Amino acid sequence: MYPILHEWGGFLIRWTHVVAAIAWIGASFYFMHLDASLRAIPAIPVGKGGEAWEVHGGGFYQVRKYLVAPDRMPEHLIWHKWQSYSTWLSGFFLLCWVYYGQADLYLIDPAVRVISPLTGALIGIGALALGWLIYDGLNRSPLANRPPLLATAVFLTVVALAFGFQQVFSGRAAMLHTGAVIATWMTGNVFFVIMPNQRKAIAELVAGRVPNPAWGKQAKNRSSHNNYLTLPVLFFMLSGHYPLAWSSPYSWMIVGLVVIAGGVVRHFFNVRNAGGGDRWWTWGVATACVAIAAAISIASSPVARERIGWTASAEAAPVQPVSLASAAHPPVDESVMNVIGTRCAMCHAAEPQWPDMASPPKGVLLDTPEHVARFASAIRMQAVLTHAMPPNNITDMQPEERAELARWLAAR
Ligand code: HEC
C-alpha cells in the first residue's frame with residue numbers, strides 16, 4: 001500500500017505544482033507584457049498609467065492602469081496572489097515529499113557528506129529562510145537605489161548558495177534547492193512586499209488620502225525581479241532529470257551562467273514588448289552562457305570528454321583495444337549483466353526488490369539483456385557520463401564497474 005501511495009502522492013503533488021506554476025507565471029508574464037504595452041490616453045495623465053486594447057477568445061478587452069491608484073476604490077477588485085502562494089505551497093510539499101521523504105535516494109550523497117535525513121531537511125528549510133533574509137536585506141539596503149549593484153549582489157548570492165548546497169547535498173538536490181530558494185524569494189516578494197504595499201495603498205485611498213507612490217514603486221521593482229528570475233528557476237526545477245547539468249563539481253558555475261542566460265532572454269522580451277526594439281545581443285549572450293555551461297559539464301566528466309574527442313584521458317584510454325575485441329560478442333555480455341544485476345536491477349525490475357518501490361523507476365527495466373540493450377544510451381548518460389545512477393551510489397557501484405559499462409557501450 002505504502003509504495004502505491006507514495007507514487008501516486010508524488011505524481012498528484014507534482015501535477016498540482018505544475019498547474020499552479022503555469023497559472024502564476026502566465027499571470028506574471030501577462031502583466032509584464034500589459035505594462036509594456038500601455039499607451040497614454042487623455043483620461044490618465046502621462047506617467048500615471050495608460051490603456052491597452054487586446055483581443056482574445058472572441059472579444060475585445062480595454063484595460064487601464066492607474067498609478068498610484070484610481071480616484072476612488074472600485075467595487076470589485078481582483079487580486080492576483082493565490083497563484084503564487086499555491087505554487088510555493090505545493091512546491092514546498094513536493095520538496096518534502098521527494099527530497100526529505102526519500103532522502104537516501106535524492107538528498108544525501110555520502111560521497112559529498114554523510115548527514116542524517118533530518119539534518120538534511122533542516123539545512124534545506126533553514127536555507128530557504130536564510131536566503132529570503134539575505135535577499136530582502138539587500139533590497140532594503142542602500143544598494144536598492146543602485147540597480148546594477150543590487151543585481152550583482154543578488155547574482156553573487158545565488159552562486160554562493162549553489163556552491164554552499166554542493167558542499168552538503170547530492171548534486172541533484174543542490175541545484176533543486178538553489179531553485180527553491182529563488183522561488184521562495186519570488187513568493188516572498190508577493191507575500192511580504194507586493195501585497196502589503198497594495199493593502200496600505202487601498203487603506204489610504206479609502207481614508208481619502210493619496211497613497212505613498214514609493215509603495216507602488218517598491219512593489220513594481222520586486223515584481224520585475226520575479227520576472228527576471230522566472231526562467232532560471234524553471235531551469236533549476238527541471239534540472240533533476242538532466243544529470244549533465246547537476247553532476248559536475250562546478251555545477252554552481254552552471255547555475256550562474258543559467259541566471260545570466262535566463263535573465264537576458266527575459267530582457268529581450270521586456271524591451272521588445274515595450275516597443276524598445278529587438279536587443280539581439282541578448283541571444284548571443286544567452287547562447288554563449290549555455291555553451292559554456294555545456295562545456296563545463298563535459299569538462300568535468302572524463303568519459304564525456306573522451307567521447308567527443310576532447311582528450312584521450314587516462315581512464316578512457318583502454319577503451320579502444322577492448323572495443324575491438326568485444327565487437328564479436330553478443331550485444332550485452334555476461335560481465336555487463338553482472339554489473340547491472342548487482343547495482344541496478346533491484347530497482348529497475350518489473351517488481352523492484354527495493355523497499356517502498358512500486359514499479360521500475362521511470363519505466364526503465366534493466367532485468368534482461370534485451371532490456372539493457374534497449375536502454376543503452378540512457379545507461380550511458382546516467383551511469384557512465386554522469387554518476388546520477390545508482391542514486392547517490394546507494395548500491396556502492398565501483399569505478400571498475402562503470403569502466404566495464406563504458407567498454408561495452410564503446411563497442412556498440
Ligand atoms: C535504489 C534504486 C535504484 C538503483 C539501484 C538504480 N536506479 Fe536508476 N532510477 C532510480 C530512480 C528512483 C529513478 C528516477 C529518478 C527520477 O525521479 O528522476 C531512476 C531513473 C533511471 C533512469 C531514467 C532517467 C531519466 O530521467 O530518464 C535510468 C536510465 C536509470 N535509472 C538507470 C540506472 C542504472 C544504469 C543503474 C545501475 C547502474 C540504476 N539506474 C540503479 C532508482 C534506482
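The values are calculated or read from the model by the stated rules, or taken from the named source; none is laboratory data. Just so it is clear, the structure is predicted and the values come from calculations on it, not from any experiment. We place every Cβ from the backbone using ideal geometry, glycine too, and count neighbours over all the protein chains shown. Please note that ligands, DNA and RNA were not included when accessible areas were found on the heavy atoms of the full protein model with its side chains. Shrake-Rupley method; radii C 1.70, N 1.55, O 1.52, S 1.80 Å.
Quick one: how many residues across segment 384-409 are open to solvent by less than 50 Å² (accessible area, probe 1.4 Å) and either within 8 Å of the ligand (Cβ to nearest atom) or not polar (S, T, N, Q) (or both)? Show your work before the answer.
Our first condition is that a residue be open to solvent by less than 50 Å² (accessible area, probe 1.4 Å); within segment 384-409, this holds for 384-386, 388, 390-392, 395, 397, 401-406, 408-409.
Checking which are either within 8 Å of the ligand (Cβ to nearest atom) or not polar (S, T, N, Q) (or both) leaves us with 384-385, 388, 390-391, 395, 397, 401-406, 408-409.
Qualifying residue count, segment 384-409: 15.
Here M381 does not fit the description of being part of a loop (DSSP other than H, G, I, E, B), touching a residue at least 40 places away in the same chain (Cβ under 8 Å) and near the ligand (Cβ under 10 Å from one of its atoms).
One line per residue, one yes/no per condition, for (1) over 18 Å from A27 (Cβ atoms); (2) polar (S, T, N, Q); (3) more than 16 Å from the chain's Cα centre (by Cα):
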residue	(1), (2), (3)
Q198	no, yes, yes
G208	yes, no, yes
K217	yes, no, yes
K220	no, no, yes
N227	no, yes, no
V233	no, no, no
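Scanning segment 384-412 for residues that are assigned to a helix (DSSP H, G or I) and hydrophobic (A, V, I, L, M, F, W, C) returns V384, L385, A403, L405, A406, W408, L409, A410.
Taking the listed residues A203, A245, the one that is at pLDDT below 95 and over 30 Å from R380 (Cα atoms) is A203, with no other qualifying. Of the residues L77, L38, the single one that is more than 13 Å from I202 (Cα to Cα) and either hydrophobic (A, V, I, L, M, F, W, C) or open to solvent by less than 40 Å² (accessible area, probe 1.4 Å) (or both) is L38. L133: touching a residue at least 24 places away in the same chain (Cβ under 8 Å) and not polar (S, T, N, Q), yes or no? Against the criterion (touching a residue at least 24 places away in the same chain (Cβ under 8 Å) and not polar (S, T, N, Q)), L133 does not qualify. Quick check on this structure: which one of T287, T282 is open to solvent by 40 Å² or more (accessible area, probe 1.4 Å), among the polar types (S, T, N, Q) and not assigned by TED's automatic domain parsing to the domain that holds V159? Of the residues listed, the single one that is open to solvent by 40 Å² or more (accessible area, probe 1.4 Å), among the polar types (S, T, N, Q) and not assigned by TED's automatic domain parsing to the domain that holds V159 is T287.
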